[in-house]
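Readers should treat all values here as calculations from the given coordinates under stated rules, not as data from a laboratory. The shown structure was predicted, so the numbers you read here are calculated from the model rather than taken from an experiment. Here Cβ is always computed from backbone atoms with ideal geometry, including for glycine, and neighbour counts include all displayed protein chains.
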Amino acid sequence: MAPGTPASTTASIVFALPPPDGTRAYQDTTAPSGANDKNFPLDVHDVEIQNLRGIEATATLDTTGFQLYKHAAKHNAFTSDAEIKEEYYPESIELLKRITGASRVVLFDHNYNLWRPISHPALDWPLALCDYRSFDGQKDVLPVALIFPDREGEASAVIYNPNQKWTYFSGVAPDELILIKCYDSLQDGSVALYTPHTAFSDPATPEGAPFRESIELRAFVFYD
């Protein structure tokens, strides 16, 4: 770890609690602006978040559920959706194949899973990532129904547990990316299945640091 780099930081993370009336948790995306769109309370905790700078190799997709990788993107003008899909998608597919050994990669959205800063290091609102090995999948997950105008989906909110180990990589640069596993079909206990994650306000962020600019890709990764 470089001199002056903090070993950890303490910040507030927003968790969820089950609905007090025992009903199924939901979030209604059709609720009017300003109206309460969820039936479950939020639960804020101050959490120590370990900085993995200097020990990046200890975090891998199959152990912790996430991984930092150094790679400068050829496409660096993230202003056009069409250009992102035409230029950034293909190089990201090949990168994911190379990193994971997958035979086929399907990108279906630019949001989460492959997270990369765009124009400057991400000092403002970095990503906090929970080490899968510290997460209790039976007790720490709150299934939340997502209500859309034409369908219903489901997401997972995180319930606070003091045994959870939260981590981050300080100052992730545009020539770095974080891979985040959201699901694994290999469920024999040998690999991490997913990674709870969220952005957080780091009290150590330098005054005047530029706002974070980043792009995230979602991908299905297949193996023969």
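Express the Stokes-Einstein translational diffusion coefficient of the chain in µm² s⁻¹, to the nearest whole number, given a Kirkwood radius over alpha-carbon pairs, 20 °C and a viscosity of 1.002 mPa s.
On the way: Rh = 18.9 Å.
My calculation gives 113 µm²/s for D.
Using the Karplus equation 6.51 cos²θ - 1.76 cosθ + 1.60 (θ = phi - 60°), what ³J(HN,Hα) coupling, rounded to whole Hz, does each residue of the range 195-200 give in order, writing x for Gly and Pro?
Whole-Hz 3J(HN,Hα) from phi for the range 195-200: 9, x, 7, 6, 7, 9.
In the range 37-118, which trypsin sites (Lys or Arg not before Pro) fall in coil by DSSP and have 11 or fewer other Cβ atoms within 10 Å? Show your work: numbers first, answer last.
Details: sites: Lys38, Arg53, Lys70, Lys74, Lys85, Lys97, Arg98, Arg104; in loops: Arg53, Lys74.
Sparse-neighbourhood loop trypsin sites (Lys or Arg not before Pro): Lys74.
Looking only at Thr195, Thr64, Thr100, which one moves most when the chain is put into a Gaussian network model with springs between Cα atoms under 10 Å?
Judging by the Gaussian network model, the answer is Thr100.
Counting other C-beta atoms within 10 Å, and keeping those with at most 14, which DSSP coil GluC sites (Glu not before Pro) do you find in the range 45-107?
Here no GluC sites (Glu not before Pro) fit, given the DSSP loop and packing criteria.
Would you mind ranking Ser156, Ser170 so that the residue whose beta carbon has the fewest other beta carbons within 10 Å leads the list?
Ser156, Ser170
Pick out which of Asn36, Asn163, Asn76 has the largest mean-square fluctuation in a Gaussian network model of the chain, springs linking Cα atoms closer than 10 Å.
It is Asn36.
Among Asn39, Leu129, Thr29, whose Cα sits farthest toward the positive end of the charge dipole of the chain (+1 at Cβ of Lys/Arg, -1 at Cβ of Asp/Glu, about the Cα centre)?
Towards the positive end, the residue furthest out is Leu129.
What percent of all Cα-Cα pairs in the range 1-60 falls in each 5 Å bin, counting up from 0?
Histogramming the range 1-60 at 5 Å steps yields 4, 14, 14, 14, 13, 10, 10, 10, 9, 3, 0 percent.
If you take the charge dipole of the range 8-222 about its Cα centre, with +1 on Lys and Arg Cβ and -1 on Asp and Glu Cβ, which of His75, Thr10, Ile147 is farthest toward its positive end?
His75
Explain nothing, just the number: dipole magnitude of the range 8-222 about its Cα centre with +1 on each Lys and Arg Cβ and -1 on each Asp and Glu Cβ, in debye rounded to the nearest 20.
Taking the Cα centre of the range 8-222 as origin, the dipole is about 460 debye.
Quick one: among Pro32, Pro18, Pro143, which has the greatest mean-square fluctuation in a GNM of the chain with alpha-carbon springs under 10 angstrom?
It is Pro32.
Go through Lys38/Lys181; Lys70/Lys97; Lys97/Lys139 and tell me which ones have a Cα-Cα distance over 24 Å in this structure.
Over 24 Å Cα-Cα: Lys38/Lys181; Lys97/Lys139.
For the range 166-175, in order, what is each residue's ³J(HN,Hα) by Karplus, 6.51 cos²θ - 1.76 cosθ + 1.60 with θ = phi - 60°, in whole Hz (x at glycine and Pro)?
Each residue of the range 166-175 in turn: 9, 9, 7, 10, 6, x, 4, 9, x, 8 Hz.
Excluding Asp202 itself, what net charge comes from residues whose Cβ is under 11 Å from its Cβ, given Lys and Arg +1 and Asp and Glu -1?
Spelling it out: positives minus negatives among the neighbours equals 0.
Test of understanding: extend the Cα→C-beta vector of Ala155 to 7 Å, then name every residue of the range 180-213 with backbone N under 14 Å from that spot.
Within reach of a label on Ala155: 196-199.
Only counting other Cβ atoms within 10 Å, I'd like Arg218, Arg212 sorted with the fewest neighbours first.
Neighbour counts put them in this order, fewest first: Arg218, Arg212.
Where in the range 131-224 are there GluC sites (Glu not before Pro) that are in a DSSP coil and have at most 11 other Cβ atoms within 10 angstrom of their Cβ?
Within the range 131-224, the qualifying GluC sites (Glu not before Pro) (loop, at most 11 other Cβ atoms within 10 Å) are Glu207.
Give me Leu129, Leu123, Leu17, Leu179 ranked fewest to most by other Cβ atoms within 10 Å of their Cβ, as a rough exposure proxy.
So the residues, fewest neighbours to most, are Leu17, Leu123, Leu179, Leu129.
If amide H atoms are built 1.01 Å from N in the plane of the peptide, which residues on other chains or at least 5 residues away come under 5 Å of the amide H of Val141?
Ile159
Around Ala31, under 9 Å between beta carbons, what's the net of Lys plus Arg minus Asp minus Glu among the other residues?
Taking every other residue near Ala31 into account, the sum is -1.
Read phi for every residue in the range 210-216 and hand back ³J(HN,Hα) as whole Hz from Karplus 6.51 cos²θ - 1.76 cosθ + 1.60, θ = phi - 60°, with x for Gly and Pro.
Using θ = phi - 60°, the values come out as x, 4, 5, 10, 8, 10, 10 Hz.
Ignoring chymotrypsin sites (Phe, Trp or Tyr not before Pro) that are buried or in helix or strand per DSSP, and keeping those with at most 14 other beta carbon atoms within 10 Å, what is the longest stretch of the chain between them? Each step should come with its number before you reach the end.
Numbers: sites that count: Tyr183, Phe211, Tyr223.
No qualifying site falls inside 1-182, the longest such stretch.
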